[in-house]
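J.: Questions regarding the structure given below will be posed in turn.
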Amino acid sequence: MQVHCICTHPLMRFPPSSSKFLRFSKHFHSLIAPSSSYSSPNFPCFILAATMSTDTLPNPSHTTTQRPVQVAKRLEKFKTTIFTQMSSLAIKHGAINLGQGFPNFDGPDFVKEAAIQAIRDGKNQYARGHGIPDLNLAIAERFKKDSGLVVDPEKEVTVTCGCTEAIAATILGLINPGDEVIVFAPFYDSYEATLSMAGANIKSITLRPPEFAVPIEELKSTISKNTRAIMINTPHNPTGKMFTREELDCIASLCIENDVLVFSDEVYDKLAFDMEHISPASLPGMFERTVTMNSLGKTFSLTGWKIGWAIAPPHLTWGVRQAHSFLTFANSTPMQWATAEALRAPESFYVELKRDYMEKRAILVEGLESVGFKVFPSRGTYFVVVDHTPFGLENDVAFCEYLIKEVGVVAIPVSVFYLNPEDGKNLVRFTFCKDEGTLKAAVKRMKEKLRK
Amino acid sequence: MEAKLSRAAKKLTTSPIQELSQLAQSCNAINLAEGFPDFPAPPHIKNAAVSAINSDFNQYRHVQGICDHLSQMVKETQGLDINPLTDIAICCGQTEAFAAAICATIDAGDEVILFDPSYETYEGCVTMAGGVPIHVPLDPPHWTLDPSKLLTSLSERTKAIVLNSPHNPTGKVFTKDELETIARACCSQNCLAITDEVYEHITYDTVKHISLATFPGMQERTVITSSLSKTFSVTGWRVGWAIGPAFLVSAISNIHVKVTDSAPAPFQEAALTALRSPPEYFQTLKSDYQSKRDYIVKLLAGVGFKIQFIPRGSIFLFAELPEDCLLSDVEFVKKLILEAGVVAVPGQGFFHANLSSNGISKGRCSYQKRYIRFAFCKSHETLAAVSERLGNFFNGASFLR
């Protein structure tokens, strides 16, 4: 039996919710600067291309004739990301970018120097596919400190090209077409895309403001013996929510009762401000059914290095490693050596990291509140979501467009993180992984120019 | 819990190449199995990477300059016009570019033609995407393409042909005639071509690498995948690319962004320096590798291997076991590791039983267990050490009599 996309009938690609995507993507079309590398008609093109092999694409500037073959049907969810689009627009308008989640300050010197040393020492060739032994060991050691769990670095740790690839490898390695997977909306956009590529049947449970608490009754009625896996992201992007012990206990007992796997994305675990971060794998009965994913990038402000990992019991690790070996085969060697160093940083590094980010959070949150947003408490990550409706724009995309062009600040419209974009149209996400000067400048611009 | 594995994952197995590498490491054997150099990467490129790290090029990025340089290089070497804004996607190595190209184009049941012997990853990738790999055998001893074998393998389900040239494991560089055959087949069948051209700058004698995309009707249906790895001896940096028509590249790029988001940032910066290397760099690359090729051909022929085909490109030599050797390739390699302290790759892993041509008897397939792949991307000292160890090994080789 082979992996394949379940939606083979063309009409199945246009259920009512998809039409919202088409309408939604027209908003993006108006946001795209003409010079951007990845132009917007891509999304409608895939719909067309997936179902009608002989139509030409609506892009007259390319002198290509009849499309020889269509792109694969699995690509419906694969459009240019909102992050790239917003960043292009930000540059065009000279806007301060509080949209894309990477720092405008750099990583610590000791980690960079370790990478440089590795390059000079000639560590530039293929590393073992699932990670250099020293890094696997460092990851296991760090995980023990954080969660109390003892894992075998050789059998239970897989290094990947960033946490994004850990997610892709986990999903492609462990999910069959037609498998039911539960996600909590809003969710990081790669989840839906990759689940789609694996042919999963996605069930979304919406987390709602102000606390974005898990709706337990809805979860109980959604999860069943047919559920293959549930995706958890804690601390949560974009809301900053942290899953509480009560919520995780409940999820755990439902997973055990229904024999469901948990895929846990914990990249922001070191940015847990208002409560202790809890790894689902550490709950009783959970390690054997959980893949715990993390990375170097967010903790060490080196998002472009692409070193991530997945920790799971051997029978699940095997699936992750198989997929990984076809997706990227190996990870950047010098960066792995440096990551091993990074993970052995003293506790003081993490204490200072948290303190720094809490100061930044304070600047941004106070600023957003004073400007007139309804701000929802962010307990972790470097994101905060706000309700923009006091400013009278039609939806989140329109608001973000207005914010860039008229105010000179970038935020991300959150509706893209829902299966049904309507659920998120009142919310936008700001990031505070920027230096204080930038945060203050952004707040100043909003105070001066943002009018209700 | 094992039941939780996806069906695709259950079918796949660990890379035999990696397993042998691990055995070799535990025996301290000289590794002529995995295709990466044991000599340092070029200093100017390493310095560029170090500079990039120091200059804070450490966050997610897409370095458009890479596309600009590649566009220029492809124009100069192949004569193709590539739009750097729309026709190139930067990926985490050629591996990811290929995986993304497959995922972008292959639906369940689509057939994908692969030329046998072939690098093990292609089949696994096609299978993972739900495609059906169809193997067209190249004919020993010179690994020539018989057009009739290709033509009988085509069907209305053929979605793509995968072409790796210069070729791993044989070192073959597909000839103009063979490329024409493949191009005509693609056009008449209206299918795609996905090429792996990682050894594009490593060709020998006067052989020139010609990209399939240069043939009539091919540019609009071909995705070229390649990388820095082999050309610049940085296999561990994971910077590669896919070049092709905008609609395909855009799909590939969108997949790449969801699978890994970005290739390592400092190495993308260093790629700019690499791709700006002067013509002398590429000439030296070729001549250095050619002398290594000549050395290893002479060495292995000297100890009794049958070398009927001398590599015209890539960093591999596909040598046939001596006539009087009764061992299979796997048995021979195990002996080689344990007794000679040299490791190579048994060729059978590159051949696939599911040969699409009819009427190939088991007897005729026996050649599939007679080949060993040696990588010669090693320093002269390493090759000299191999020479000594093999000399001793073959002198005492009773299994040959």
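J.: Residue-wise, which Karplus ³J(HN,Hα) couplings in Hz belong to region B:114-124, taking 6.51 cos²θ - 1.76 cosθ + 1.60, θ = phi - 60°, and x for glycine or proline?
T.: 10, 8, 9, x, 9, 3, 4, 5, 4, 4, x
J.: Right, here's the next one. Among all the lysines, which ones have a C-alpha under 21 Å from residue B:286's C-alpha, if same-chain residues fewer than 8 places away are not counted?
T.: Reachable lysines: B:46, B:75, B:172, B:176, B:208, B:230, B:298, B:378.
J.: Rounded if a/c is under 1.5, else prolate if a/b is larger than b/c, else oblate: which is region A:154-296, with a ≥ b ≥ c the root eigenvalues of its Cα gyration tensor?
T.: Taking the square roots of the gyration eigenvalues as a ≥ b ≥ c, region A:154-296 is rounded.
J.: Now for a different question. Which GluC sites (Glu not before Pro) from region A:240-323 combine a DSSP loop assignment with at most 15 other Cβ atoms within 10 Å?
T.: A:276
J.: Set the bar at 26 Å for Cα to Cα. Now go through A:425/A:452; A:144/A:203; A:444/B:258 and name every pair that lies beyond it.
T.: A:144/A:203; A:444/B:258
J.: Give the shape of chain B as rounded, prolate or oblate, defined through the alpha-carbon gyration tensor: a ≥ b ≥ c are the square roots of its eigenvalues, a/c under 1.5 means rounded, and otherwise the shape is prolate if a/b is larger than b/c and oblate if not.
T.: Oblate is the answer for chain B, as a/c is 1.5 or above yet b/c matches or exceeds a/b.
J.: In whole Hz, what ³J(HN,Hα) sequence does region A:176-193 give by Karplus (6.51, -1.76, 1.60; θ = phi - 60°), x for Gly and Pro?
T.: Result, rounded to whole Hz: 9, x, x, 5, 8, 10, 9, 10, 9, 8, x, 10, 3, 5, 6, 4, 5, 4.
J.: Sticking with this structure for a sec: What is the gain in length, in nm to one decimal, between residue B:388 and residue B:152 on full extension, counting 0.36 nm per residue of separation less the C-alpha to C-alpha distance?
T.: Extending this stretch completely gives an extra 80.3 nm.
J.: While we're looking at this one, here's another question. Could you give the distance between the Cα centres of region B:120-145 and region B:269-304, to the whole Å?
T.: Distance between centres, Cα-based: 27 Å.
J.: Based on the Cα atoms of region B:13-146, what semi-axes does the equivalent ellipsoid have, where each is the square root of 5 times one gyration tensor eigenvalue, given in whole Å with the largest first?
T.: 30, 26, 17
J.: Check residue A:185: other-chain or 5+ apart residues with amide H under 5 Å from its amide H, H built from backbone geometry?
T.: A:205, A:206, A:207
J.: Give me the distance in nm between label points sitting 7 Å out from Cα along the Cα-to-Cβ direction at residue A:154 and residue A:394, one decimal.
T.: 6.1 nm
J.: Also, quick follow-up: Remind me, relative contact order of region B:45-145 in percent, using alpha carbon pairs under 8 angstrom and six or more residues apart?
T.: The normalised contact order for region B:45-145 reaches 17 percent.
J.: Let me know the number of lysine pairs in region A:283-390 closer than 24 Å at the Cα, not counting same-chain pairs under 8 apart.
T.: 5
J.: Could you calculate the FRET efficiency of residue B:19 with residue A:274 from 1/(1 + (r/R0)^6), where r is the beta carbon distance between them and R0 is 30 Å, rounded to 0.05?
T.: The formula returns an efficiency of 0.05 here.
J.: How far apart, in nanometres, would the label points at residue B:301 and residue A:356 be if each is projected 7 angstrom from Cα along the Cα-to-Cβ direction?
T.: 6.1 nm
J.: If amide H atoms are built 1.01 Å from N in the plane of the peptide, which residues on other chains or at least 5 residues away come under 5 Å of the amide H of residue A:233?
T.: For residue A:233, the qualifying residues are A:265.
J.: Between region A:369-412 and region B:18-87, how many Å separate their Cα centres?
T.: Region A:369-412 and region B:18-87 have Cα centres separated by 41 Å.
J.: For the protein assembly as shown, what class follows from the C-alpha gyration tensor (a ≥ b ≥ c being the square roots of its eigenvalues): rounded when a/c is under 1.5, otherwise prolate if a/b is larger than b/c, else oblate?
T.: Since a/c reaches 1.5 and a/b is larger than b/c, the shape of the protein assembly as shown is classed as prolate.
J.: Tell me, what HN-Hα J-couplings in whole Hz come from the Karplus equation 6.51 cos²θ - 1.76 cosθ + 1.60 at θ = phi - 60° for each residue of region B:226-231, using x for Gly and Pro?
T.: 6, 6, 6, 3, 7, 5
J.: Starting from a Cα-only point model with no solvent, please compute log10 I(q)/I(0) by Debye for region B:225-358 at q = 0.13, 0.17 1/Å.
T.: Each listed q maps to, in turn, -0.87, -1.09.
J.: Rounded to the nearest 500, what is the protein assembly as shown's calculated 222 nm mean residue ellipticity when only DSSP H runs of at least 4 contribute -39500 (n - 2.57) each, over all residues?
T.: Rounded to the nearest 500, it is -12500 deg cm²/dmol.
Each value in this text was obtained by applying a stated rule to the coordinates, not by laboratory testing. It should be emphasised that the depicted structure is a prediction, and the values quoted were computed from it without experimental measurement. Reconstructed Cβ throughout: ideal geometry from the backbone, glycine too, with neighbour counts over all protein chains shown.
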